[in-house]
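The structure appears right after this line, and notes come after that.
Please treat every number below as a calculation from the coordinates, not as lab data. All of these numbers come straight from a predicted model, not from anything done at the bench. Here Cβ is always computed from backbone atoms with ideal geometry, including for glycine, and neighbour counts include all displayed protein chains.
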Amino acid sequence: MAASFLQVRCKFLLLTLAVSILSVSCISSQPYPSGQELPQPTTAPVVRPPKVGQEWVYEIRNVFNQEVVDVVTERVIAVGQQVRIQRSGVKAGPLPDEIQEPWGLVLQDPRWSPPQKFQNPLPLWPEKLTVGWSAFYQTRYEVLGYPDSSYYWGLSVTAVQWERIKVPAGVFTTLKYHNEAPYFQSSDVFRMASMREEDVWLAPEIGRWAIRRGFGRYLLAGTLWQNAYWEDYLEWRLVSWK
């Protein structure tokens, strides 16, 4: 009896292990957005100007395993010298506001952790909506709530191509552009080096992006880039807008 029980127990453990391995192997990453490439418009589209009440809702997924991290609503609540966009998540609750000064130039950017307040506002999208346009910007930023210290920030922006892209909110004509922040200074004193990259699909007709997908990596003392640590790797997809 004892031997029989042991055999059954071993078979159960092996089956459990096999199921676990199968489950892990079935986890797939969020596919990279694929759209239809379009020619450069003869007349570059104009980005929709802001108006109180405009709203965008995004589903945010973990790129590594497609898990839905949150659903975030962004709503314009003030327009003037500054444009203020109020943000909240279904899971996270109230989130820091985005502040533009003026429209199209971000002064307070809450998308990375920790949120940043720049000394000089930076473009949220290419200054010219033309394929091949690029620029590099340098400024310093403060971490929200800690105004006594500032850190170097450099940002490269490159317009890649026009694409027709499909998301839950519909089909949009977008300008895909690439942002890169190489070797910025982190507020975390233990980081030896940091970098961030993202691809953005701007839909001018809605005044916002249809997709935003980005990640960050960093080094601690004694690590190399091939073993760099990951920040979040997230993809935002537009669910609805008005």
**Request:** Could you work out the relative contact order of the chain, using alpha carbon pairs under 8 angstrom and six or more residues apart, expressed as a whole percent?
**Result:** 16 percent
**Prompt:** Counting each DSSP H run of 4 or more residues in the chain as -39500 (n - 2.57), what helix-only mean residue ellipticity at 222 nm follows after dividing by all residues, to the nearest 500 deg cm²/dmol?
**Reply:** -3500 deg cm²/dmol
**Prompt:** Working out 0.36 nm times the residue gap between S34 and S149, then minus their Cα-Cα distance, what length gain in nm do you get to one decimal?
**Reply:** 37.3 nm
**Item:** Sorted by Cβ density within 10 Å, fewest first, the residues W241, W112
**Value:** W112, W241
**Message:** I need the calculated FRET efficiency for the pair W112 and T43, taking r as the beta carbon distance and R₀ as 41 Å, to the nearest 0.05.
**Reply:** 0.75
**Asked** Where the only charges are on Cβ atoms (+1 Lys, Arg; -1 Asp, Glu), what is the dipole of the chain about its Cα centre, to the nearest 20 debye?
**Response** 520 debye
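Can you tell me how much longer the chain between Q82 and L220 gets when fully stretched, taken as 0.36 nm per residue apart minus their C-alpha distance, in nm with one decimal? Present the calculation step by step, with values, prior to reporting the outcome.
On the way: separation 138, 0.36 × 138 = 49.68 nm, distance 3.75 nm.
Contour length minus Cα-Cα distance gives 45.9 nm.
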**Request:** Taking a cut-off of 29 Å between Cα atoms, list the lysines near K117, but don't count ones fewer than 8 places away on the same chain.
**Result:** K51, K91, K128, K176, K242
**Fill in**
For segment 84-242, the percent of all C-alpha pairs falling in each 10 Å bin, from 0 up to the bin holding the max distance, is 10, 36, 38, 15, 1
**Asked** What is the helix-to-structure angle for 2-26, meaning the angle in degrees between its Cα long axis and the longest Cα principal axis of the chain, kept from 0 to 90 and rounded to the nearest 10?
**Response** 20 degrees
**Prompt:** How would you rank E231, E127, E163, going from fewest to most other Cβ atoms within 10 Å of each one's own Cβ?
**Reply:** E127, E231, E163
**Complete:** Of the residues F172, Q86, P96, the Cα lying farthest along the dipole of the chain towards its positive end, which is defined by charges on the beta carbon of Lys, Arg, Asp and Glu, belongs to F172
**Prompt:** Ranking S34, S194, S187 by Cβ neighbours within 10 Å, fewest first, what do you get?
**Reply:** S34, S187, S194
